[in-house]
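Undergrad: Let me give you the structure first, and then I'll get to my questions.
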Amino acid sequence: MPLLRRRRLLAAAVVFLLAAVAHQSDAFTELETAQIGRFQDYLRIHTAHPSPDYAGAAAFLLPYAASLGLHTTTLHFTPCKSKPLLLLTWPGTDPSLPSVLLNSHLDSVPAEPEHWLHPPFAAHHDTGGGRIYARGAQDDKCLPIQYLEAIRGLRDAGFAPARTLHISLVPDEEISGADGFEKFARSEEFRELNVGFMLDEGQASVNDEFRVFYGDRLVWRLIVKATGAPGHGSRMFDGAAVENLMDCVETIAGFRDAQFGLVKAGLRGPGEVVSVNPGFVMNMQPSEAEVGFDFRLPPTEDVEHIIRRIKEEWAPAHKNLIHELMIKGPMQDVAGRPIVTPTNASNPWWSVFEQAIISAGGKLAKPEILSSTTDSRFIRQLGIPALGFSPMTNTPILLHDHNEFLEDKVFLRGIKVYEHIIRALSSFKG
Ligand SMILES: *[C@@H]1O[C@H](CO)[C@@H](O)[C@H](O)[C@H]1NC(C)=O
Ligand SMILES: [Zn+2]
């Protein structure tokens, strides 16, 4: 390359770099830049399964919370103490009022770096588009940073909450929560918090309306076993086990198509239908065959009706089919009601939340049932209202996906949204 051309290129590069730096400092205040930095620091801690660095996350979050004047407690629900549950507390001026709990899980699902544009634990900040790429950027490591930064903003503005505000950071949500929120929700420590309302993770929204979730689907596993006439594989005969099983698979497939059709036609949300997916055919012999199904049901579904269909239509005994139904978790709350949080006037927290979103300049989409499950189900089972909410608008839904990212401006706006939410919830006197 001729020297002159090289110099010109170099000069152009310097101008470009200066412009990029100027653009960045233009766009963000010193505080905002620091907030993005803290988000990146948290994302860089390897909290993905199968060996989440919970100690690293605790070593980052506890001093951070303490620096904001919050009280910190670490609880353990496993004998080896390798799965800490962190509690951060901002005491209210009226401790007689039930508290507000903001939840977030510490763990993430694994990432396959070969499918990513940037390493999944580098938290690369694409200064052009503003995207921060990392496993956990959406699910759900944005949340504790936004909670804490919102508290910083409120504290600096001289705000004092009436209700005590707790933040829980729990292990193992991605692997059932059995050693995390499930044990926590049953503990004496939890009872003592006297929680009146909880916010937990939600999901990104592809438009400019915030999504909010008032229920999680129920998880069932159905195993159907067929028996039939024994016979050699080379001979065709009626009533073989596999043939009986195929009938079952076909009728369930028909039900699945009908449910899926409702979603495709836009008549129901994906969380508002029964989903069913065939799992593995576990064992196939001429005289015995077995298949498993993964069922997800809206908590408001008529479950007795589904159980009847399984017995009478899908796996009837007269077709030499027997079935085993495994129901994970209760189907009703402690008061015998469906496990949902009302989003109407019967739940005063709902209007406080809704008003806070409006005061933050946001719009709420129609409340939804989440297709999958979150830790909220353990709280709703106790009859305590809980909503799933992650303030991410105009963002593709990338949880558990390759190239999970959150845009810097969306992340920062979330902090402001939580300032409104925390102010409203912790001031609510009803
Ligand atoms: C509010 O919603 C709950 C549950 O979704 C429902 O059972 C109840 O009838 C509704 N109440 C009112 C006042 O609309
Ligand atoms: Zn999550």
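Undergrad: May I ask you to list the residues in region 255-310 that are at pLDDT below 90 and under 29 Å from the mean Cα position of the chain (by Cα)?
TA: Matches in region 255-310: Pro278, Gly279, Phe280.
Undergrad: Separate question: Within region 115-132, restricting attention to residues that are in contact with a strand residue (DSSP E or B) (Cβ under 6 Å, 6 or more places away or on another chain) and open to solvent by 10 Å² or more (accessible area, probe 1.4 Å), which residue is farthest from Ile421 (Cα to Cα)?
TA: The qualifying residue farthest from Ile421 (Cα to Cα) is His118.
Undergrad: Restricting attention to region 174-190, and to residues there that are aliphatic (A, V, I, L, M) and open to solvent by less than 80 Å² (accessible area, probe 1.4 Å), which single residue is farthest from Arg135 (Cα to Cα)?
TA: Taking region 174-190 and keeping what is aliphatic (A, V, I, L, M), we get 175, 178, 185.
Still in the running and open to solvent by less than 80 Å² (accessible area, probe 1.4 Å): 178, 185.
On the way: Ala178: 22, Ala185: 27 Å.
Top of the filtered list is Ala185.
Undergrad: Looking at (1) more than 16 Å from the chain's Cα centre (by Cα); (2) of a type outside the set (Gly, Ala, Ser); (3) modelled with pLDDT of 95 or more, which one does Phe181 not meet, given that it meets all the others?
TA: For Phe181, the failing item is (1).
Undergrad: Tell me, please, whether a residue that is outside the structural domain of Val263 (by TED's automatic domain parsing), within 16 Å of ligand 2 (Cβ to nearest atom) and among the β-branched types (Val, Ile, Thr) can be found in region 376-394.
TA: yes
Undergrad: Now, a different point. Give me the pairs, please: first residue somewhere in region 408-430 and farther than 16 Å from Gly153 by Cβ, second residue anywhere and assigned to a helix (DSSP H, G or I), beta-carbon distance under 6 Å, and either six or more positions apart or on two chains.
TA: Asp408/Ile36; Phe428/Val352; Gly430/Pro348
Undergrad: Let me ask you something else. Taking Leu387 and the conditions (1) touching a Lys or Arg at 6+ places or on another chain (Cβ under 8 Å); (2) in a strand (DSSP E or B); (3) not acidic (Asp, Glu), which numbered condition does it fall short on, given that it satisfies the others?
TA: (1) is the only condition that Leu387 fails.
Undergrad: Ok, one more. Spot the failing condition for Ala57; the list is (1) over 26 Å from Phe378 (Cβ atoms); (2) within 16 Å of ligand 2 (Cβ to nearest atom), and only one is missed.
TA: That leaves (1) as the condition not met.
Undergrad: Going by the structure shown, is Ala160 surrounded by fewer than 22 Cβ atoms within 10 Å (Cβ to Cβ), of a type in the set (Gly, Ala, Ser) and more than 21 Å from Leu61 (Cα to Cα)?
TA: In short, yes.
Undergrad: Here is a follow-up. Among the residues of region 320-338 satisfying the criterion of being more than 23 Å from the chain's Cα centre (by Cα) and open to solvent by less than 60 Å² (accessible area, probe 1.4 Å), which is nearest to ligand 1 (Cβ to nearest atom)?
TA: Top of the filtered list is Gly336.
Undergrad: Would you check if Thr341 is within 16 Å of ligand 1 (Cβ to nearest atom), among the polar types (S, T, N, Q), surrounded by fewer than 17 Cβ atoms within 10 Å (Cβ to Cβ) and under 24 Å from Glu182 (Cβ atoms)?
TA: On the way: within 16 Å of ligand 1 (Cβ to nearest atom): yes; among the polar types (S, T, N, Q): yes; surrounded by fewer than 17 Cβ atoms within 10 Å (Cβ to Cβ): no; under 24 Å from Glu182 (Cβ atoms): yes.
In short, no.
Undergrad: Filter region 191-215 for residues that are open to solvent by less than 10 Å² (accessible area, probe 1.4 Å) and not in a loop (DSSP other than H, G, I, E, B); which is farthest from ligand 2 (Cβ to nearest atom)?
TA: Top of the filtered list is Phe197.
Undergrad: So Val109 passes all but one of these: (1) within 19 Å of the chain's Cα centre (by Cα); (2) open to solvent by less than 10 Å² (accessible area, probe 1.4 Å); (3) not aromatic (Phe, Trp, Tyr). Which condition number does it fail?
TA: Among (1) within 19 Å of the chain's Cα centre (by Cα); (2) open to solvent by less than 10 Å² (accessible area, probe 1.4 Å); (3) not aromatic (Phe, Trp, Tyr), Val109 violates only (2).
Undergrad: Only one of (1) open to solvent by 10 Å² or more (accessible area, probe 1.4 Å); (2) within 16 Å of ligand 2 (Cβ to nearest atom); (3) assigned to a helix (DSSP H, G or I) is not met by Leu143, so which one is it?
TA: Unmet for Leu143, out of (1) open to solvent by 10 Å² or more (accessible area, probe 1.4 Å); (2) within 16 Å of ligand 2 (Cβ to nearest atom); (3) assigned to a helix (DSSP H, G or I): (1).
Undergrad: Separate question: If you go through region 346-368 one residue at a time, do you hit one that is within 16 Å of ligand 2 (Cβ to nearest atom) and either loosely packed, with under 15 Cβ neighbours inside 10 Å or among the acidic types (Asp, Glu) (or both)?
TA: Yes; the residues of region 346-368 include at least one that is within 16 Å of ligand 2 (Cβ to nearest atom) and either loosely packed, with under 15 Cβ neighbours inside 10 Å or among the acidic types (Asp, Glu) (or both).
Undergrad: Please verify whether region 369-376 includes one or more residues that are closer than 21 Å to Arg163 by Cβ, open to solvent by less than 10 Å² (accessible area, probe 1.4 Å) and in contact with a Lys or Arg (Cβ under 6 Å, 6 or more places away or on another chain).
TA: For region 369-376, residues closer than 21 Å to Arg163 by Cβ, open to solvent by less than 10 Å² (accessible area, probe 1.4 Å) and in contact with a Lys or Arg (Cβ under 6 Å, 6 or more places away or on another chain): absent.
Undergrad: Cβ-Cβ under 6 Å, sequence separation 6+ or interchain: first residue in region 370-382 and at pLDDT 95 or above, partner open to solvent by 40 Å² or more (accessible area, probe 1.4 Å) and polar (S, T, N, Q). Which pairs?
TA: That search, which allows pairs on different chains as well, returns nothing.
The values are calculated or read from the model by the stated rules, or taken from the named source; none is laboratory data. Since the model is a prediction, treat every value here as computed from it, not as a measurement. Note that each Cβ is placed from the backbone with ideal geometry, even for glycine, and that neighbours are counted across all protein chains shown. These area figures cover heavy atoms from the full protein model, side chains too; ligands, DNA and RNA do not enter into them. Shrake-Rupley method; radii C 1.70, N 1.55, O 1.52, S 1.80 Å.
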